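Note sheet for the following structure.
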Amino acid sequence: MTTNSYAAKRAIFDRMRERSHLPGNALSDALVSYSDPGRLGQGHTVYGGGIVFDQPEEDEAVDGRDILTHERATIGVHIRIEIPTPEDGRGCEVSDLIAEAIGEEIGALFRTDRNLAGGGSTTRIVGGQCDQGVTDTTVTSTLTYYVGVESDFKQ
């Protein structure tokens, strides 16, 4: 194993998929996908983006014949909301509120299970960005979380 980042991304999206099947939460209305499903007009979509990771040499430890590697990975989690353009001109406010509710659900997931990505990992939101777009027919809000996963694994 040379990186734990793929396993961390799989664990995050597996857990979000599980939560999306539970009634009564903001994720239950969303399509949750490991990668961009490549289809627009899908309503509420939560999907995975790229991964950036580093393994600082000074954080390595030798455990017998194994090397214990400390890794910091940042995984993109995108929330895309597409709704019909309302006539009142408040479409971005509405789509932002939906994105915010789904984002809060994801944040609650990370707060209740900090070791979401396995054993010696810590998962949390380390940053993000928000954007909107408007056409004649749709309003789109995108909330991107940069999810930080710190883990220790044997190589």
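With coordinates expressed along the principal axes, the C-alpha atoms belonging to segment 5-154 extend over 66, 29, 24 Å, beginning with the largest. With respect to the chain, whose longest principal axis is taken over its alpha-carbon atoms, helix 5-20 is tilted by about 40°. Think of it as helices only: each DSSP H run of n ≥ 4 in the chain is worth -39500 (n - 2.57), and spread over all residues that comes to -8500 deg cm²/dmol at 222 nm. Annotation for Val134 and Arg39: the two label points, set 7 Å from Cα along the Cα-Cβ direction, are 2.8 nm apart.
Taking the fewest neighbouring Cβ atoms within 10 Å as the starting point, the ordered list for Val52, Val46 is Val52, Val46.
Please identify every one of the chymotrypsin sites (Phe, Trp or Tyr not before Pro) in segment 1-81 that sits in a loop by DSSP and has no more than 15 other beta carbons within 10 Å of its own beta carbon. Counting only loop positions with at most 15 other Cβ atoms within 10 Å, the chymotrypsin sites (Phe, Trp or Tyr not before Pro) in segment 1-81 are Tyr34.
Amide H to amide H, with H built 1.01 Å from N, Gly118 comes under 5 Å of no residue 5 or more places away or on another chain.
Between Arg90 and Thr122, the FRET efficiency from the beta-carbon distance, with R0 = 41 Å, is close to 0.60. Restriction of the GluC sites (Glu not before Pro) in segment 22-92 to DSSP coil positions whose beta-carbon has at most 14 other beta-carbons within 10 angstrom yields Glu60, Glu87. Mean projected area of the Cα convex hull of segment 85-149, taken over all directions, amounts to 4.6 nm². Loop-resident trypsin sites (Lys or Arg not before Pro) (DSSP state other than H, G, I, E or B) in segment 14-89 with no more than 12 further Cβ atoms inside 10 Å of their Cβ: Arg39, Arg65.
Taking amide H atoms as placed 1.01 Å from N in the peptide plane, the amide H of Thr85 lies under 5 Å from those of Thr138, Val139, each 5 or more residues away in sequence or on another chain.
Helix 91-112 and the longest principal axis of the C-alpha atoms of the chain enclose an angle of approximately 30°. For the chain, averaging the sequence separation of C-alpha pairs within contact (under 8 Å, six or more residues apart) and dividing by the residue count gives a relative contact order of 26 percent.
Quick note: the coordinates plus some simple rules give every number you see, no bench work behind them. Remember, predicted model here, so these are calculated numbers, not experimental data. Every residue, glycine as well, gets a Cβ built from its backbone with ideal geometry; the counts of neighbours run over all protein chains shown.
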